[in-house]
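These notes concern the structure reproduced below.
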Amino acid sequence: MGKPCYFALFDLQPSFELDRDQLATKYRELARETHPDRFAAESDQRQREAVERSADLNEAYQTLRNPTSRARYLLSLDGTELPLEATVQDTEFLFQQLQWREELEALQDGADMDGIASFKARLTQAQNELHDAFSSAWADTTRRPDTERLVRRMQFLDKLAAQVRQLEERLDD
């Protein structure tokens, strides 16, 4: 028996666009229903099944609530598995990566909190634009080859955002 479809667990159609508040509400409802403690008086088999259902639910929720993870999951449902450390092959984006890294390094060296806040805002805008581009490409089956490139870009921006958060934490201390 394989893993259940994450979208099906939440009674959703596979789509990049989803209502995160609705997802969270449904998750809390299902988490209460499937919590292993509710099956403490059941047989060992039923307890194991409850633990598995709860783990599947948690994994599904974590995957679907994050846009990049959700995009990767959609690609996997479509038969495309991307490695987590996929390299970006498009020259334009590689150049942009170099610019962002150099800028972040300069902000770090200067401990420029205002500059970091501005960088973070531009990064968030770039992420939102990529999410919109992925959503559009996903909805148009003739553009599926574009979705892989967009997910690779999304993965890079997620890593960069994590580096910005780490830098903010270091500078706050």
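Looking at ALA111, is it over 29 Å from ASP19 (Cβ atoms), touching a residue at least 12 places away in the same chain (Cβ under 8 Å) and out of contact with any strand residue (DSSP E or B) (no Cβ under 6 Å at 6 or more places or on another chain)? Can you show your working first?
Working: over 29 Å from ASP19 (Cβ atoms): yes; touching a residue at least 12 places away in the same chain (Cβ under 8 Å): yes; out of contact with any strand residue (DSSP E or B) (no Cβ under 6 Å at 6 or more places or on another chain): yes.
Yes; evaluated as a whole, the condition is true for this residue.
To keep it simple, each residue is scored yes or no on (1) assigned to a helix (DSSP H, G or I); (2) at pLDDT 95 or above; (3) within 17 Å of SER135 (Cβ to Cβ); (4) of a type in the set (Asp, Glu).
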position	(1), (2), (3), (4)
ALA31	yes, no, no, no
ASP37	yes, no, no, yes
ARG46	yes, no, no, no
VAL51	yes, no, no, no
ALA55	yes, no, no, no
ASN58	yes, no, no, no
TYR61	yes, yes, no, no
LEU64	yes, yes, yes, no
Test: ASP11 is on the phi > 0 side of the Ramachandran plot and modelled with pLDDT of 90 or more: yes
Matching entry among ARG165, ARG149, ARG143 (being closer than 14 Å to LEU107 by Cβ and open to solvent by 60 Å² or more (accessible area, probe 1.4 Å)): ARG165
Hits in the stretch 19-35 - residues which are open to solvent by 50 Å² or more (accessible area, probe 1.4 Å) and within 17 Å of THR68 (Cα to Cα): ASP19, ARG20
Pair list, Cβ under 7 Å, 6 or more apart: the stretch 1-18 residue closer than 16 Å to TYR61 by Cβ and loosely packed, with under 11 Cβ neighbours inside 10 Å, other residue at pLDDT below 90 and of a type in the set (Val, Ile, Thr): none
Pairs where the first residue, in the stretch 160-171, is over 13 Å from PHE119 (Cβ atoms) and the second is open to solvent by 40 Å² or more (accessible area, probe 1.4 Å), C-beta under 9 Å, 6+ apart: ARG170/GLN108
Near pairs, Cβ below 7 angstrom, 6+ apart or cross-chain, from the stretch 92-107 (touching a residue at least 24 places away in the same chain (Cβ under 8 Å)) to any residue that is open to solvent by less than 30 Å² (accessible area, probe 1.4 Å) and of a type in the set (Ser, Thr, Tyr): none
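The values are calculated or read from the model by the stated rules, or taken from the named source; none is laboratory data. These numbers come from a predicted model, not from an experiment. Cβ coordinates were reconstructed from backbone atoms using ideal geometry, including for glycine residues, and neighbour counts include every protein chain displayed. The protein model used for the area step is the full one, side chains on, heavy atoms only, and it has no ligands, DNA or RNA in it. Shrake-Rupley method; radii C 1.70, N 1.55, O 1.52, S 1.80 Å.
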